[in-house]
Amino acid sequence: MFERIVIVGAGQAAVQAVDTLRRRGFAGKLTLIGDEPLPPYQRPPLSKKYLAGALERERLLIRPAAFYADHGIETHFGRRVTDIAPRERHVRLDDGLAVPFDALLIATGSRPRALELPGADLEGVHYLRTALDADRIRAGCTRGGRLLIVGGGYIGLEVAATARELGMEVTVLEMAERLMSRVTCPEVSAFYAAEHARHGVQIRCHERVRALHADPRSGRVRSVLTEAGGEYPVDLVVVGVGVMPADELARAAGLTCENGIVTEAHCRTSHEAIYAAGDCASHLNRQYGRHLRLESVDNAFEQGTTVALNLLGTETLHDKLPWFWSDQYDLKLIIVGVAQGYDTVVMRGTAAARSFSACYLRRGELIAIDSVNSPKDQMAARKLIAAHARPQPDKLADPAIALKDTL
């Protein structure tokens, strides 16, 4: 169907697409372009084992470095795409090279949302998105050092847990009324706030950063000031206030974008020969009947597969139920589904047992679940949510009743 396929971006979606294309028999020219000098690697360990120094960089790689040459994949690592020309069907790199395509996959991911504040560019202020970012943060982690994290979401709390294990003094500033407020209910937020406090993390909600001050001698960040008048002495700052879709190339190329690159259910953009997958894509989700942009490794994996199959001529809809996870201390939080718009939360189990689930319902239908150290619940919930099941609340609240038996 196509002779030349180009993939812009070198993350999980990109690797899954090239792997699927080659395994399914695509023999044409396949080009992979990534702006980092490293071959594609996993990002979830960056805030956990890799940051802790418990995982070597080589083990981050999604595929061995030799995989791409062995499978006839032309790579341009450490190169940046400056523009996409849909009509001429080529992408141009920062060295001026034009790479032609018959079909294009944009898998550029997302980028951290920046602090627009005085002192935000001081030495010692970091964001965590790349392996190099993690290396820099790890180099600044010293036992007894003072780390301040701006943002109480997944990334911030995972870094907090890792830093505490490294012996740092950790403070988390969150401008909302509770931790992880965008993705979890108050009960789950309260549980994680208590767990972090138990491990010695200082949690400060309703705190908005006003400025960062430097040490006049070294020029490094020395303190963080808040709008409420608080001042926090620091040795290191990590900012985790969310991400934005890396959709600038798509916008400049005239593709439809709204909170990411808009795609239909086959992951195709507004241009018939251009697809998008991963964090940068806002896809039509059939489970929830609306467009969603998901920041999830599993979503990137599944969309990469979907795009590859469609490029091979096998019409395939992206209809996988989304799920996410977060490891903090010895707690594994797994979120299945999307809880936005819920009107009822039913708790299964107790926080004291450190194994429980929060079930989200909308008009009686189970739409999502947060499970903490509760693998049976999250596995059963996948089927129930996909089936638009309507469990009985009294049974749902009884952890002695298997989730599958609550209908």
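Each reported figure results from applying straightforward, stated rules to the coordinates on display, with no laboratory input. Note that the structure is a prediction, hence the values are computed from the model and not measured. Don't worry about glycine lacking a Cβ; one is built from the backbone with ideal geometry, like all the others, and counts go over all protein chains shown.
Among DSSP beta bridges whose residues both lie in the chain, state the antiparallel percentage, nearest 5.
The antiparallel proportion sits near 55 percent.
Defining a contact as two alpha carbons under 8 Å apart and six or more residues distant in sequence, what relative contact order in percent does the stretch 1-44 show?
Over the stretch 1-44, the number comes to 55 percent.
Cα to Cα, under 15 Å, and not fewer than 8 places away if on the same chain: which aspartates and glutamates meet these conditions relative to K332?
Here the aspartates and glutamates satisfying the reach criterion relative to K332 are E158, E195, D370, D377.
What's the longest bit of the chain with no exposed trypsin sites (Lys or Arg not before Pro), using DSSP loop states and at most 15 other Cβ atoms within 10 Å as the test? Walk me through the numbers before you get to the answer.
On the way: sites that count: R24, R80, R87, R113, R143, R182, R208, R217, R286, R354, R363.
Answer - 218-285.
Gap in Å between the Cα centre of the stretch 227-289 and the Cα centre of the stretch 10-73?
One Cα centre to the other: 21 Å.
Using only alpha carbon pairs under 8 Å that are at least six residues apart, calculate the relative contact order of the stretch 1-103 and give it in whole percent.
Relative contact order of the stretch 1-103: 32 percent.
Picking from S326, S357, S47, which is most flexible by a Gaussian network model of the chain using Cα springs under 10 Å?
Between S326, S357, S47, it is S326 that shows the largest mean-square fluctuation.
Jot down the per residue volume, in cubic angstrom and as a whole number, of the convex hull over the alpha-carbon atoms of the stretch 1-124.
139
Percent of Cα-Cα pairs more than 32 Å apart in the chain, please.
So the portion of pairs separated by more than 32 Å is 41 percent.
Any aspartates and glutamates with Cα under 17 Å of the K320 Cα? List them, leaving off those in the same chain fewer than 8 positions away.
E264, D279, E295, D298, E302
Can you list which of the GluC sites (Glu not before Pro) found in the stretch 158-251 are DSSP loop residues with at most 16 other C-beta atoms within 10 Å?
Numbers: sites: E158, E165, E169, E174, E177, E187, E195, E207, E227, E231, E248; in loops: E177, E207, E227.
Answer by residue number: E177, E227.
With an 8 Å cut-off on Cα pairs and a minimum separation of 6 or more residues, tell me the relative contact order of the chain in percent. Provide the component values of the computation, followed by the final result.
Working: 911 pairs, mean separation 57.9, N = 407.
Once normalised by length, the contact order is 14 percent.
More than 22 Å apart: what percent of Cα pairs in the stretch 330-405 qualify? Intermediate values should be presented prior to the final figure.
Numbers: 315 of 2850 pairs.
Everything past 22 Å amounts to 11 percent.
Looking at the P(r) of the stretch 306-364, how many percent of alpha-carbon pairs lie beyond 17 Å?
59
Can you give me the Rg/Rh ratio for the stretch 125-239, using Cα atoms for both radii and the Kirkwood formula for Rh?
Using only Cα positions, Rg/Rh for the stretch 125-239 is 0.96.
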